[in-house]
Amino acid sequence: MLVLSRRSILRFTVCAMLAFAELSHAQSPAETHIKLELISEQATAPPGQPLRVGVLFRLEPGWHIYWQNPGDSGEPPKVQWGLPPGFTAGPIRWPQPIRLGSGSVIDYGYEGQVLLMAPIEGTSRGNATSIPRMSADVKYIVCREVCIPGKAHLMLAAPAGAADWAAWHALFEQTRAQFPKPMPASWKVTAAADKEHFILTMQARPQVSSASFFPLEPSQIENSSAQDFAPTRTGFRLTMEKSEQLTKPIAILRGLIVLGPGRAFEVAAPVVSQ
Amino acid sequence: MKKWLAASAVVGFALIAFSVGWAARVGEAAPDFTATDSNGEVHKLSEYQGKYVVLEWTNRGCPYTQKHYSSGNMQRLQREWTGRGVIWLTVASSAPGKQGYVTASEENAYLKQANAAPTAVLLDPAGTLGHLYDAKTTPDIFIIGPKGVLIYSGAIDDRPSTDVADVNGAKNYVSLALDEATSGKPVSNPTTRPYGCSVKYAD
């Protein structure tokens, strides 16, 4: 038997009202799967250095957004900065992506959470140490099995206290650890092209047991085709199928060689036709 | 017997396409197919020899597809080109239970409601036609010339977004390719990167 005390009825009513308020708040459908915040790493502006801010995307499990090259479908998020006079924003620094999807359609992007940072340069007039007011207008598409476009107007969030600052700082640190790095000076990369393949040859020590290539430009490699990894005496070779959308020879194959989490390296390999 | 032959031909083509890895390549013969539309009629590509054929992959739940239907752009293209003798086949390759899957009667109701005007909508829930052409997104577009050669493969236009405001002012690759081809010129952008949602194939 169900017995409801007056208090539990009251509680239920309040919950129902809150739920209704939530619904009538007119959230965009995308926002039920993604939360966005504009955050800063610092409480005060470091003199002479870019401000470190970023748009934080928190995604519901199973949902994703896209890398700068989205792969076969989707599109990368776009950020338009609203900055005070005297400030400019640099390009987004994209952390290393993951491969998404299965079968004949493969995308590149992020699940869980991702912070898209951009350096903000400039100086405030007057009180130079305070972080200036700024905003970001973000357009994105968030997908799981289905895709939902969304947009958000974000104001720089004000952290509640030291714990928030610490958490945000950690997020920036983790994000920087996922930035692709320049290739070690001792490595060498070359690329050859035949009719249907690109063959990337890396001189890289110590020996690695696997590697994958993420193309910076769309329509160069067939994203859904397996990449054939073969160790060599001095490193490894990666053979990839050319994209059917590639109609002209390319001079340089650009992208990331990913050896594991936090181990993505920028490569720009001049292509020699065989 | 004829039906069986047609079916095995489709399977045969699919197998060839898969093993070679080149499903449908611009400049080469477009793979022949047999498919059934939302009125139960059977369409065979080779029967349209002598005509231009547009294949438009669709999923009406996909925001990229919606951009072209809610703006009326797709209907306009369908009317314009079918009015000029082009065969326009919309293809629904979403698997049962996935976004964009439609029964014949649902599709016919939608066509009416959206005031769409393709020659026919091919129902491809098994994804056979989709995989044969390696359609990746909705709306992915293929155009086949009167001699059965694939003359265009890729995006509908040059604005890969879900924003309806991007329809006006976009360079429409479908009209561009058909305009050029029908006036005897080479297609200037025969291959582009298709954009949109992934085609919701069976797992």
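Every read-out reported here was derived from the displayed coordinates using simple, explicitly stated rules and does not represent laboratory data. What you are looking at is a predicted structure, and each value in this text was computed from that prediction instead of being measured. Please note: Cβ atoms are built from the backbone with ideal geometry, for glycine as well, and neighbour counts cover all protein chains shown.
Cross-linked pairs A:78/B:136; A:139/B:112; B:67/B:136; A:151/B:112: Cα-Cα separations exceed 25 Å for A:139/B:112; A:151/B:112. Placing a pseudo-label 7 Å from each Cα along the Cα-to-Cβ vector at residue A:42 and residue B:175 gives an inter-label distance of 5.1 nm. Applying 1/(1 + (r/R0)^6) with R0 = 51 Å to the Cβ-Cβ distance of residue B:47 and residue A:266 gives a FRET efficiency near 0.50.
At a threshold of 8 angstrom on Cα-Cα distance, excluding pairs fewer than six apart, so keeping six or more, what relative contact order does chain B reach in percent?
RCO, chain B: 27 percent.
Calculate the FRET efficiency for residue A:187 and residue A:273 from the Cβ-Cβ distance with a Förster distance of 30 Å, rounded to the nearest 0.05. Calculated value: 0.85. Counting Cβ atoms of other protein chains within 10 Å of each residue's Cβ and taking the mean over peptide A:251-264 gives 0. Extension gain for residue A:121-residue A:31 works out to 29.4 nm (0.36 nm per residue, less the C-alpha to C-alpha distance). As a length-normalised measure over Cα pairs under 8 Å and 6 or more apart, the relative contact order of chain A settles at 17 percent. Each of residue B:189 and residue B:203 was given a label point 7 Å from its Cα along the Cα-to-Cβ line. The distance between the two points is 3.7 nm. Once the Cβ-Cβ distance of residue A:237 and residue A:179 is raised to the sixth power relative to R0 = 30 Å, the FRET efficiency obtained is 0.70. Rounded to the nearest 10 degrees, the inclination of helix A:162-177 to the longest alpha-carbon principal axis of chain A is 10 degrees.
Our summary gives the stretch A:90-147 a relative contact order of 30 percent, counting only alpha carbon pairs under 8 angstrom and 6 or more residues apart. Coupling constants for the stretch B:99-104 follow from the phi torsions by the Karplus curve (6.51 cos²θ - 1.76 cosθ + 1.60, θ = phi - 60°), and in residue order they are 4, x, 5, 9, 7, 4 Hz; glycine and proline get x.
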